[in-house]
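Since the structure comes first, as structure tokens, the remarks are kept for the end.
The values are calculated or read from the model by the stated rules, or taken from the named source; none is laboratory data. From a predicted model like this one, the values you see are computed outputs, not experimental measurements. Neighbour counts are summed over all protein chains in view; Cβ atoms, including those assigned to glycine, are modelled from backbone coordinates with ideal geometry.
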Amino acid sequence: MSTASTLESTFSAETYFATQPPPVSLDQDILGVREFVQRHARTGRKVVLVTSGGTTVPLELNVVRFLDNFSAGTRGATSAEYFLKAGYAVIFMHRQFSLQPFSRHYSHSTHPFLDFLEVEQGTIGTSGSEGAYISVKPSERTQLLEVLAAYKTVQKAGTLHTLNFVTVNDYLWLLRAISQELSVLGRDAMYYLAAAVSDFFLPRQKLSEHKIQSGKGSLHIEMDQVPKILKPLVSDWTRGEGFIVSFKLETDSSLLVPKACAALARYGHQVVIGNDLHTRKHQVIFVSPSPKTSSSLQGNSDEQHFEQVWLRIDPADKNKEIEEDIVAELVVRHRAWAGLRSMT
Ligand code: PMT
């Protein structure tokens, strides 16, 4: 693999954006987001950016192989639906081909669309002619009607704007651009960062142009660290005004609270939602600066300065989604945050 010896192995956000190329569709994507944000700013509607799905790290410029991050996009797509229901306009920034609001109910692997349609023979519409037509299985009709009605309402209201990313580079450029656009809304904007973002990447200057050849024994790759972008997101791109919710995924649940406290102390945002890989669909923990803590938490991750609230649902209840409760809790907190506007 070719290497650029002059390149740093630890990137600040600044060096990252100065050395890594933007995705080709960036300018077009920015225009779409700008129009969406301005339209909703005029009506006073709150806007949430939901990031969803996992980012990839290509190993070659002509990509044959890449590393991927775990996430089907369930958390993001489900939450987006509940934000829409709560009256938010949603910018849904997701990994290409991961789950999306509404269509997620008919995922090809868990609930294939073709399996609930039937071919019938009979009179077609009002024409009186005979032939084959398609009907929906009676057992599927109620849910389909509900999903379709909600989807059509959102389409008519123009409250959902969708963009996609594939690589961690696409994600970082898009996140910066969208949050800068959204920052005009100040405290009326929420940032819900559910995407699973790679911690390591290969800078463009170190990528092999062509497919890495086998036959030379084992492959050794030294990856660089992706810059921690929560810091510039909180203090620069959103000008310290946005309501920012990040997620913390762990497989050892004893790490959730200390890691969440450390992130809040380091980045100074509003909420970390901790989730364990195996229980994430029925329990999460909200960690946030305690209202009783008056002093700045900068660098102080002592757990006593942070409020911890568990949200749990019954794992046996198949009709309940934990995202409904996550979003309800955030809507209340965001309202309080936006209400502080006049006092700051
Ligand atoms: O889609 P599902 O299958 O339902 O799974 C949902 C989920 C488990 C992936 C989701 O709930 C979740 O926990 N997402 C965050 C996982 C993660 O990658 O955490 P992290 O520790 O790498 O990052 C912490 C936070 O900073 C995240 O909000 C991430 O979006 C953000 N981040 C991290 C690094 C970076 N360079 N940029 C970021 O924006």
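Here are a few things to note about the model shown:
- Within the range 180-200, residues that are more than 22 Å from E81 (Cα to Cα) reach partners that are of a type in the set (K, R) and not in a helix (DSSP H, G or I) with beta carbons closer than 6 Å, at six or more positions or on different chains, in the pairs S183/R239.
- Within the range 57-73, residues that are in contact (Cβ under 8 Å) with a residue 40 or more places away in the chain and of a type in the set (D, E) reach partners that are exposed (fewer than 13 other Cβ atoms within 10 Å of the Cβ) and in a loop (DSSP other than H, G, I, E, B) with beta carbons closer than 9 Å, at six or more positions or on different chains, in the pairs E60/E209; E60/H210.
- For the range 264-284, the candidate set comprises residues that are over 18 Å from the mean Cα position of the chain (by Cα) and surrounded by 15 or more Cβ atoms within 10 Å (Cβ to Cβ); within that set, the residue that is nearest to the ligand (Cβ to nearest atom) is Y267.
- Selection within the range 182-201 - more than 9 Å from the ligand (Cβ to nearest atom) and surrounded by fewer than 24 Cβ atoms within 10 Å (Cβ to Cβ): S183, V184, L185, G186, R187, D188, F200
- Here the range 245-263 is the region considered, the condition is being near the ligand (Cβ under 9 Å from one of its atoms) and within 20 Å of S290 (Cα to Cα), and the residue that is surrounded by the fewest Cβ atoms within 10 Å (Cβ to Cβ) is K259.
- Residue check, Q121 touching a helix residue (DSSP H, G or I) at 6+ places or on another chain (Cβ under 8 Å), modelled with pLDDT under 95 and either more than 16 Å from the ligand (Cβ to nearest atom) or assigned to a helix (DSSP H, G or I) (or both): no
- Here the strands (runs of 3 or more DSSP E) wholly within the range 47-93 that include at least 2 residues being within 16 Å of the ligand (Cβ to nearest atom), closer than 21 Å to H161 by Cβ and not hydroxyl-bearing (S, T, Y) are 47-52.
- Conditions (1) more than 30 Å from Y88 (Cβ to Cβ); (2) β-branched (V, I, T); (3) within 27 Å of the chain's Cα centre (by Cα); number of the one not met by T110: (1)
- Every test in (1) more than 11 Å from the ligand (Cβ to nearest atom); (2) surrounded by fewer than 18 Cβ atoms within 10 Å (Cβ to Cβ); (3) modelled with pLDDT of 95 or more is passed by G240 save one, and that test is (3).
- Residues of the range 152-180 satisfying the condition of being in contact with a strand residue (DSSP E or B) (Cβ under 9 Å, 6 or more places away or on another chain), more than 16 Å from the ligand (Cβ to nearest atom) and of a type outside the set (V, I, T): A157, G158, L160, H161
- For the range 94-118, a residue qualifies if it is in a loop (DSSP other than H, G, I, E, B), in contact (Cβ under 8 Å) with a residue 24 or more places away in the chain and touching a helix residue (DSSP H, G or I) at 6+ places or on another chain (Cβ under 8 Å), and the qualifying residues are S98, L99, Q100, P101, F102.
- Within the range 216-238, residues that are touching a residue at least 12 places away in the same chain (Cβ under 8 Å) have Cβ atoms under 7 Å from residues that are among the charged types (D, E, K, R) and assigned to a loop (DSSP other than H, G, I, E, B) in these pairs: Q225/D199; V226/D199, counting only partners at least 6 apart in sequence or on another chain.
- Residue within the range 215-229 that is of a type in the set (D, E, K, R) and within 13 Å of the ligand (Cβ to nearest atom) present: yes
- G125 being on the phi > 0 side of the Ramachandran plot and in contact (Cβ under 8 Å) with a residue 12 or more places away in the chain: no
- Every pair of residues 6+ apart whose Cβ atoms lie under 7 Å, when the first sits in the range 258-282 and is closer than 19 Å to D236 by Cβ while the second is among the charged types (D, E, K, R): A263/K248; Y267/K231
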